[in-house]
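Beneath this line is the structure, given in structure tokens, with notes to follow.
The values are calculated or read from the model by the stated rules, or taken from the named source; none is laboratory data. Not measured: the values here are computed from a predicted model. Note that each Cβ is placed from the backbone with ideal geometry, even for glycine, and that neighbours are counted across all protein chains shown.
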């Protein structure tokens, strides 16, 4: 959940850049529907591709790759992030 190298950041078509999953989800949540649909429509899902190719998160990829709703994309991603944070905390405590 750390920042990715600068050359691997996600560029929204409006010039906004995300360097980690938190910034990506916040960017999606606060972007216009038009920008969301530019990156996620039909078989094209730039967000899911970045999640898989750059972050390597296969589980989150499978949750959001066919999600055409900005609202549900954000909800699914936030639930997944919370679960990952809880698992990381549990590993630290063990």
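For region 1-22, filtered to residues that are surrounded by 16 or more Cβ atoms within 10 Å (Cβ to Cβ) and in contact with a strand residue (DSSP E or B) (Cβ under 6 Å, 6 or more places away or on another chain), the residue that is nearest to residue 81 (Cα to Cα) is 18. Exactly one residue out of 45, 14 is over 12 Å from the mean Cα position of the chain (by Cα) and over 16 Å from residue 78 (Cα atoms), and it is 14. Of all residues in region 38-65, those that are at pLDDT 95 or above have Cβ atoms under 7 Å from Cβ atoms of residues that are loosely packed, with under 15 Cβ neighbours inside 10 Å and assigned to a helix (DSSP H, G or I), 6 or more apart or on another chain, in 52/58; 54/8. Of the listed requirements (1) on the phi < 0 side of the Ramachandran plot; (2) free of Cβ contacts under 8 Å to residues at least 24 places away in the same chain; (3) not in a helix (DSSP H, G or I), residue 35 misses just one: (3).
Here is a yes/no grid of residues against (1) out of contact with any helix residue (DSSP H, G or I) (no Cβ under 7 Å at 6 or more places or on another chain); (2) within 12 Å of residue 21 (Cβ to Cβ); (3) surrounded by 19 or more Cβ atoms within 10 Å (Cβ to Cβ):
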{"residue": "39", "(1), (2), (3)": "no, no, yes"}
{"residue": "58", "(1), (2), (3)": "no, no, no"}
{"residue": "68", "(1), (2), (3)": "yes, no, no"}
{"residue": "79", "(1), (2), (3)": "yes, no, no"}
{"residue": "87", "(1), (2), (3)": "yes, no, no"}
{"residue": "92", "(1), (2), (3)": "yes, no, no"}
